[in-house]
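Working notes, structure below.
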Amino acid sequence: MDSIDRTGRTTGQAGTERHGTEGGDRQRSATERRRRELLEAAERIVLRDGPGASMNAIAAEAGITKPILYRHFGDKGGLYRALAVRHTDALLANLRAALDGHRVRRDRVEATLDAYLAAIEARPQVYRFLMHPADEDVPAESGFDVGRHSAPLLRRLGEELAEVISERLDLGPDGAERARVWGHGIVGMMHAAGDWWLRERPCSREQLVRHLTDLLWGQLATVKDLAGGPGF
């Protein structure tokens with residue numbers, strides 16, 4: 001016979017609820033693991049095919065049918081967003097690590113610019129897929145729009161960098177506004193210069209970093225670090 005626990009439930013009821021919770025946790029874990037495996041398969045195809053990576057090729061690489069791939073991500077836009085989050089998270093971690101390094105400020109600026117450029121240089125096909133996805137394999141009715149999907153990546157990077165700047169520099173009474181302007185401006189500069197550099201390779205990455213740092217160093221060198229903070 002079931003006994004009554006302190007909550008008023010029978011032990012049978014409590015056991016069933018625990019079993020249900022554990023079963024739900026296992027299912028969520030399995031779903032997350034499967035989703036991660038599919039993203040890894042998608043990444044392999046993107047590294048091979050770049051912007052032309054198709055849902056058919058990704059499904060084949062994962063050993064599933066395209067409808068199953070759609071079940072996990074909805075459409076190509078959903079897969080794109082999942083890959084974008086995956087790579088933006090990794091890039092932001094690298095940028096923060098560069099900014100928090102124990103170096104003089106100019107060296108940290110150079111390290112931050114280099115972290116971004118090194119990331120797009122290491123995986124140019126992934127970068128092109130995220131920023132310049134091919135249009136020919138995306139039906140107009142799918143709603144997948146290059147600008148609509150790539151712009152949030154740059155906005156997120158801009159906001160994150162603005163937060164780091166505001167945490168480290170004393171920018172005065174209008175500091176929050178200036179930090180956001182600088183954050184989005186620096187990201188825009190990195191993106192535009194990096195995109196051009198990746199296409200034309202007019203100089204080495206080291207030279208590009210030095211030139212961009214020279215450009216930024218004008219006013220950035222004159223403001224003071226916030227007291228008690230790690231600086232910038």
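The values are calculated or read from the model by the stated rules, or taken from the named source; none is laboratory data. Predicted model, so just to flag it, every value in this text is computed and none were measured. Every residue, glycine among them, receives a Cβ derived from its backbone with ideal geometry; neighbour counts consider all protein chains shown. To get the accessible areas, we keep the full protein, side chains included, count just its heavy atoms, and leave off ligands, DNA and RNA. Shrake-Rupley method; radii C 1.70, N 1.55, O 1.52, S 1.80 Å.
Within region 190-219, can you find the residues that are among the aliphatic types (A, V, I, L, M), closer than 16 Å to Thr112 by Cα and in contact with a helix residue (DSSP H, G or I) (Cβ under 7 Å, 6 or more places away or on another chain)?
Filtering region 190-219 for residues among the aliphatic types (A, V, I, L, M) gives 190, 192-193, 198, 208-209, 212, 215-216.
Remaining after also requiring closer than 16 Å to Thr112 by Cα: 190, 192-193, 208-209, 212, 215-216.
Within region 190-219, Met190, Ala193, Leu208, Val209, Leu212, Leu216 meet the criteria.
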Just to be sure I understand the filter: pairs with C-beta atoms under 8 Å, separated by 6 or more residues or on different chains, first member in region 120-133 and assigned to a helix (DSSP H, G or I), second member loosely packed, with under 15 Cβ neighbours inside 10 Å. Which pairs pass?
Gln125/Leu47; Gln125/Arg48; Val126/Leu47
Being more than 22 Å from Glu43 (Cα to Cα), more than 15 Å from the chain's Cα centre (by Cα) and crowded, with 20+ Cβ neighbours inside 10 Å is the requirement here; does Asp114 meet it?
yes
In this structure, does Ala30 turn out to be among the aliphatic types (A, V, I, L, M), under 26 Å from Ala122 (Cβ atoms) and open to solvent by less than 70 Å² (accessible area, probe 1.4 Å)?
no
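So if I check each of Leu161, Leu169, Leu208, which one is in contact with a strand residue (DSSP E or B) (Cβ under 8 Å, 6 or more places away or on another chain) and crowded, with 17+ Cβ neighbours inside 10 Å?
Values: Leu161 fails: in contact with a strand residue (DSSP E or B) (Cβ under 8 Å, 6 or more places away or on another chain); Leu208 fails: in contact with a strand residue (DSSP E or B) (Cβ under 8 Å, 6 or more places away or on another chain).
Of Leu161, Leu169, Leu208, the one residue that is in contact with a strand residue (DSSP E or B) (Cβ under 8 Å, 6 or more places away or on another chain) and crowded, with 17+ Cβ neighbours inside 10 Å is Leu169.
Limited to region 175-187, what total is found for residues that are in contact with a helix residue (DSSP H, G or I) (Cβ under 7 Å, 6 or more places away or on another chain) and either of a type in the set (A, V, I, L, M, F, W, C) or exposed (fewer than 14 other Cβ atoms within 10 Å of the Cβ) (or both)? Break it down stepwise before answering.
The first filter runs over region 175-187 and keeps only residues in contact with a helix residue (DSSP H, G or I) (Cβ under 7 Å, 6 or more places away or on another chain), leaving 175-176, 179-180, 182-184, 186-187.
From what is left, the residues that are either of a type in the set (A, V, I, L, M, F, W, C) or exposed (fewer than 14 other Cβ atoms within 10 Å of the Cβ) (or both) are 176, 179, 182, 186-187.
Looking only at that region, the number is 5.
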Top-ranked residue of region 212-232 - restricted to ones that are modelled with pLDDT under 70 and surrounded by 10 or more Cβ atoms within 10 Å (Cβ to Cβ), ranked as nearest to Gly188 (Cα to Cα)
Phe232
